[in-house]
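Worksheet: one structure, shown below.
The values are calculated or read from the model by the stated rules, or taken from the named source; none is laboratory data. All figures in this text were calculated on a predicted structure; none of them were measured in a lab. Methodologically, a virtual Cβ is constructed for each residue, glycine included, from the backbone with ideal geometry; neighbour enumeration extends over all protein chains shown.
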Amino acid sequence: MNDRIKIIALGGQDEYDNKMTLVEVNDDIFVLGCGKKDPDKTRPGIKYVIANYQYLVDNKARVKGYIITHAFDSLLGGLIYVYKDVPAPIYCSDVTRIFISSFAEHNRVKIDFNFFIVKPTDSITVSGHKIRFFQCASNMSHSSGVAINTSYGNIVYADAFVIDHNSDPDFYYDSKALGELANEPTLVLMCESRYSDYPGYTNPKYKLVPLVERSFHDAQGRIFIAMAVPDAYNIIKIIGLAIRNKRKIVTYDEETMQTIMRVIDSHEVGKKINKSYFLPFGEINRISSKDCLVLMLGWGERLYHKIELLADASKFDKRISLNETDTFIIGTCYSSSTEIVANEALDELYKTDAKIISFKKTEFIRMHASVEDLKTIISFLRPKYYVPIYGTYRELLNNAKLSLEMGLELTYASIFILDNGNILEINEGKAKISPNSVITGHLYVDGSGVGDISSSTLTERQKFSDDGVLIMGVMVNKEKTDIISTFDVQMRGLVYLKDNDNLVKELNRLFEVLVQKGLDEQKPLNLIEEEVKDASFRTIRRYTGKSPLIVPYIAIANN
């Protein structure tokens, strides 16, 4: 039987993170990744952005499983929200399972996942389809690529990998498994595009320890280091460096302590680490400064908020402040979505007396495939069709160009750059982009749920963020004829009251005059509120040039 195949991009194309790709073989759907991304500054109050998964909801009876190959929030962060609507088995490593559960716990989402634990070298059969995993060297241990077998050859998916011939069993690049796959035809190869314009190999630019060893040796006092939760490789290596330098590891908060325990318990190297090296933050003043490493871990923007808070000791803990003998290392790479908040945190750090160490993008990068890494796997597998995935359009295009220029049998007709919503159909072994598409776009996650945030709500939140809010209140009697309370005018994020006394006085006078005039003329209260709102808006624009959200409220006394 000749298989009918579709590859559908739901998220991750022409954007960072938010990864979700579907592979359909006949009537069965496999979900490769179910990620999230952080919102930009135009989405105040939004916690995460995830891909619109209506297609999965409409076809949930056909979904045979989620295949999560890495323990990155960009690949698993959406799963905790999608799963309740579209439950299906989750195929992942034990390390990835730990971090899916940790991410759900971090976001206070309670759900019973149906995990099927696979090793990154396993072969399994799901609904009659043979699926093979091959281990990749990546920031998270036990990461893998995956190959789904079809009647025309393998569909191979490789996200977040580097070519690194190390012997570390937790971060191993399995060239032997790739060689075995190369003995079979590869119908489609899908490779990440994040660093497709980075020349050479990524190795060794993802290794943090060589960049900070000198700092560990030269530091006169405490060392603080901030790292991302999904960077298990460098977390393990930094812990080892601290132990070699006889420094106790003080965990910044409970989240950091829990993450460290999960990491070391799930890694072969970590299991050998004596847990007595780790101390809670409350112990920081009980050990010598030269014997102290403060380790701070966090997901996404949360990490930078922690840095900013620590930089201002009066907001965090008055018992501790960064001084001239301290060294603070930014041991993480920021993305486009976190660049603003990362720079704000760095600015706060530079206001302290500590020595600050950060790295340029060319010095320290994540474990994503650069040009030579991509060329290596393409030349190994020699696919019939090539599909660049996950990156901006420029990066997708660079990925396509480098595969075209390799001198293999790939041509313009066999390389496909997909937009979110596109469907690549393969019938009788021939591929083409379908004229049809699926519903796509973004869903916003906030504290109240998924996808229930209206554009008007976002507009109001943006006003809060940019121009502030003015709330004006007064109480009138039951007959709506007299004012029976003082006028209350409250501002947030608009002006500093002490410097704008004239504005405040004018707003109070305006409020009183318009309310009393409206009552005398027996106008409806909602009409009086609108008149107050319009007049206040014009006054504030004249004084400040801002356009705040204005909320006038006239209450009626109960007795």
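Annotations
- ASP291 vs. criteria surrounded by fewer than 23 Cβ atoms within 10 Å (Cβ to Cβ) and either under 30 Å from ASN343 (Cα atoms) or under 26 Å from the mean Cα position of the chain (by Cα) (or both): yes
- Residues in region 93-147 that are modelled with pLDDT of 90 or more, of a type in the set (D, E, K, R), out of contact with any Lys or Arg (no Cβ under 9 Å at 6 or more places or on another chain) and within 26 Å of TYR81 (Cβ to Cβ): ARG97, ASP112.
- All conditions but one from (1) surrounded by 15 or more Cβ atoms within 10 Å (Cβ to Cβ); (2) of a type outside the set (S, T, N, Q); (3) assigned by TED's automatic domain parsing to the domain that holds GLY11; (4) without any contact (Cβ under 8 Å) to a residue 40 or more places away in the chain apply to LEU346; the one that does not is (3).
- Scanning region 80-121 for residues being closer than 19 Å to PHE30 by Cβ, among the polar types (S, T, N, Q) and not in a loop (DSSP other than H, G, I, E, B) gives a total of 1.
- Hits in region 486-515 (condition: surrounded by 12 or more Cβ atoms within 10 Å (Cβ to Cβ), modelled with pLDDT of 80 or more and in a loop (DSSP other than H, G, I, E, B)): PHE487
- Filter result for GLU363 (outside any strand (DSSP E or B), touching a residue at least 12 places away in the same chain (Cβ under 8 Å) and under 27 Å from the mean Cα position of the chain (by Cα)): yes
- Residues that are of a type in the set (S, T, N, Q) and either assigned by TED's automatic domain parsing to the domain that holds VAL341 or modelled with pLDDT of 95 or more (or both) were ranked within region 14-53; the one that is nearest to LEU189 (Cα to Cα) is THR21.
- From the list ILE131, ILE155, ILE163, the lone residue that is β-branched (Val, Ile, Thr) and farther than 27 Å from LEU397 by Cβ is ILE131.
- Single match in LEU189, LEU181 (criterion: at pLDDT 95 or above, touching a helix residue (DSSP H, G or I) at 6+ places or on another chain (Cβ under 8 Å), under 23 Å from SER93 (Cα atoms) and assigned by TED's automatic domain parsing to the domain that holds GLY391): LEU189
- Flag if THR338 is in the same structural domain as GLY300 (by TED's automatic domain parsing) and buried (at least 17 other Cβ atoms within 10 Å of the Cβ): yes
- Qualifying residue in region 90-97 (condition: within 28 Å of VAL438 (Cα to Cα), touching a residue at least 40 places away in the same chain (Cβ under 8 Å), crowded, with 21+ Cβ neighbours inside 10 Å and touching a Gly at 6+ places or on another chain (Cβ under 9 Å)): yes
- Looking across region 516-554 at every residue that is part of a loop (DSSP other than H, G, I, E, B) and of a type in the set (S, T, N, Q), the one that is nearest to PHE487 (Cα to Cα) is identified as GLN522.
- Region 267-295 residues that are within 16 Å of ILE236 (Cα to Cα) and touching a residue at least 40 places away in the same chain (Cβ under 8 Å), paired with ones that are of a type outside the set (Gly, Ala, Ser) and surrounded by fewer than 18 Cβ atoms within 10 Å (Cβ to Cβ) (beta carbon under 6 Å, 6 or more apart): GLU268/PRO169
- Listed conditions (1) part of a loop (DSSP other than H, G, I, E, B); (2) surrounded by fewer than 14 Cβ atoms within 10 Å (Cβ to Cβ) are all met by GLU283, apart from (1).
- The single residue among ILE365, ILE320 that is surrounded by 15 or more Cβ atoms within 10 Å (Cβ to Cβ) and closer than 19 Å to ASP197 by Cβ turns out to be ILE365.
- Any hit, region 450-457, residues being under 27 Å from the mean Cα position of the chain (by Cα), of a type in the set (Val, Ile, Thr) and at pLDDT 95 or above: no
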